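The values are calculated or read from the model by the stated rules, or taken from the named source; none is laboratory data. Since the model is a prediction, treat every value here as computed from it, not as a measurement. Glycine also receives a Cβ, built like all others from the backbone with ideal geometry; neighbour counts cover every protein chain displayed. Ligands, DNA and RNA are stripped out before the accessible areas are found, and what is left, the full protein with its side chains, is counted by its heavy atoms. Shrake-Rupley method; radii C 1.70, N 1.55, O 1.52, S 1.80 Å.
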Amino acid sequence: MATPCRLTLILLATVAAVAASHPAHEVGGGGAAGCGGGDGTRILIKGGTVVNAHRAEEADVYIEDGVVVAVRPNIPVGDDNVKVIDATGKYVMPGGIDPHTHLEMEFMGTVTIDDFFTGHAAALAGGTTMHIDFVIPVNGNLTAGIESYKQKAEKSAMDYGFHMAITKWNDEVSREMEVMVKEHGINSFKFFMAYKGSLMVTDDLLLQGLQKCKSLGALAMVHAENGDAVAEGQQRMIDLGITGPEGHALSRPPVLEGEATSRAIRLAKFVNTPLYVVHVMSIDAMEEIAKAKREGQRVIGEPVVSGLVLDDSWLWDPDFATASKYVMSPPIREAGHGKALQAALSSGILQLVGTDHCTFNSTQKAFGSDDFRKIPNG
């Protein structure tokens with residue numbers, strides 16, 4: 001009798017090809033039991049509940065050389081060179097893809113604490129088997145940026161891909177975008193409407209970027225907050241003496257996310273190109289996306305896990321080290337926004353979930369200041 005593996009959830013790391021109509025033949029070994037046996041190149045997962053996008057069903061999964069070749073009930077067993085895993089009573093799911101991460105990212109004089117090994121180890125432990133990271137150009141240079149990130153990724157432990165951030169705009173950046181698409185396979189570009197004086201692009205430059213994406217067949221992405229108004233909001237907080245993490249959320253309320261989302265959507269409509277809005281954190285932004293989709297515009301909305309399940313009460317914790325862990329941009333919103341975003345995700349208004357994994361050391365000592373303006377965030 002086979003001994004079940006001690007797993008509450010089994011995840012398939014590679015689902016490169018599935019042949020559901022694979023002809024019946026013996027693939028397993030009668031002598032293989034539990035989690036043992038086999039040479040590792042052929043695996044039979046037996047008796048689990050297979051969960052795919054279209055349905056959940058009790059079935060076996062047969063894998064050869066990392067490729068799923070059969071999914072159906074009662075796949076027969078034939079020789080001892082197949083590793084058999086008893087998944088009875090467990091779910092068998094494809095590995096997750098995180099479309100939004102920032103590993104080993106340099107920003108505001110510091111760097112995110114997870115690199116392409118530690119971040120991958122954590123992701124794999126939780127069932128995420130592939131992610132897409134954002135390349136940050138070096139002094140605006142896209143080629144230097146991709147070379148830097150390729151070096152960072154040499155220590156990787158799982159599959160990954162790249163988006164490209166656009167942090168300034170000129171003819172050279174426009175030319176390099178074409179190189180990224182044709183030579184490096186990067187076909188998604190992120191424009192920042194926030195971070196005035198650093199990463200922010202103005203409307204005229206965003207318009208040029210959208211036009212370039214359209215000409216390349218690439219996907220334009222935006223971090224949607226009104227950077228000018230956020231800068232004003234930050235100064236208001238400083239004038240009021242509010243310099244802790246709570247000032248971060250107060251300085252950039254939902255209305256500024258909604259305004260920037262609306263503006264980006266309308267510019268994309270003017271250019272007639274699809275738009276991907278990253279880390280949708282508020283009802284305000286979600287409603288702009290819903291309106292555009294009702295009108296037939298091609299807009300993708302991406303909430304992130306923190307915005308779906310947390311609220312801004314954590315930013316008011318009296319302990320700086322605790323409160324600063326919940327700083328991100330756009331900020332985590334007050335209670336009610338998360339539930340609305342969950343409903344929008346369930347109904348298809350929002351399409352997919354990222355983590356925006358962008359973790360910095362959150363201690364006061366590391367930043368050398370308790371001024372919320374100097375707290376790095378993603």
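Brief remarks follow.
- Taking only the alpha carbons of the stretch 79-209, we obtain Rg and Dmax values of 18.4, 65 Å in that order.
- Additional length obtainable on full extension of the chain from Asp319 to Arg236, 0.36 nm per residue less Cα span: 27.6 nm
- Coil-residue trypsin sites (Lys or Arg not before Pro) of the stretch 107-187, DSSP, other Cβ within 10 Å capped at 16: Lys168
- Taking amide hydrogens as placed 1.01 Å from N in the peptide plane, the amide H of Met105 sits under 5 Å from those of Thr112, each at least 5 positions away in sequence or on another chain.
- Net charge of Cβ neighbours under 14 Å - reference Thr129; Lys, Arg +1; Asp, Glu -1: -2
- Karplus-derived 3J(HN,Hα), 6.51/-1.76/1.60, for each residue of the stretch 182-199, Hz, glycine and proline x: 7, 10, 10, x, 8, 10, 9, 10, 9, 10, 9, 8, 10, 6, 4, x, 10, 9
- Cα gyration tensor shape of the stretch 57-149, rounded if a/c is under 1.5, else prolate or oblate by comparing a/b with b/c: prolate
- Proximal lysines relative to Lys196, as straight alpha-carbon distance under 20 Å, when same-chain residues fewer than 8 apart are discounted: Lys168, Lys374
- Förster radius 45 Å - calculated FRET efficiency between Asp204 and Asp159 (Cβ-Cβ, nearest 0.05): 0.75
- Mean accessible surface per residue for the stretch 210-263, computed with a 1.4 Å probe while every protein chain stays in place, in Å²: 37 Å²
- Distance between the modelled labels on Glu147 and Asp65, one decimal in nanometres: 3.5 nm (7 Å Cα→Cβ projection).
- Expressed as a whole percent, the accessible area of the stretch 210-317 that falls on carbon and sulfur atoms is 54 (1.4 Å probe).
- The relative contact order of the stretch 294-366 comes to 43 percent, based on Cα pairs under 8 Å that sit 6 or more residues apart.
- Sequence ranges 288-295, 344-351, ranked by mean other-Cβ count within 10 angstrom, highest first: 288-295, 344-351
- Amide H contacts under 5 Å for Glu334, placed H, 5+ residues apart: Asp312
- Computed with the Debye formula from one identical point scatterer per Cα of the stretch 139-232, without solvent, the log10 of I(q)/I(0) at q = 0.11, 0.12, 0.16, 0.22 Å⁻¹ comes to -0.33, -0.39, -0.67, -1.11.
- Cβ-based net charge around Ser148, under 13 Å, with every Lys or Arg adding one and every Asp or Glu removing one: -4
- Net charge, Leu256 excluded, C-beta distance under 9 Å - Lys, Arg +1, Asp, Glu -1: -3
- Structural descriptor for the stretch 67-133: relative contact order 35 percent, calculated from alpha carbon pairs under 8 angstrom and at least 6 residues apart.
- Take every Cα pair under 8 Å whose residues are at least 6 apart in sequence, average their separation, divide by the length of the stretch 233-349, and the relative contact order is 28 percent.
- Pairs from the table (Lys182/Lys212; Lys150/Lys212; Lys269/Lys339) lying more than 19 angstrom apart at Cα are Lys150/Lys212; Lys269/Lys339.
- Accessible heavy-atom area order of Glu172, Glu154, Glu178, highest first, probe of 1.4 Å: Glu154, Glu172, Glu178
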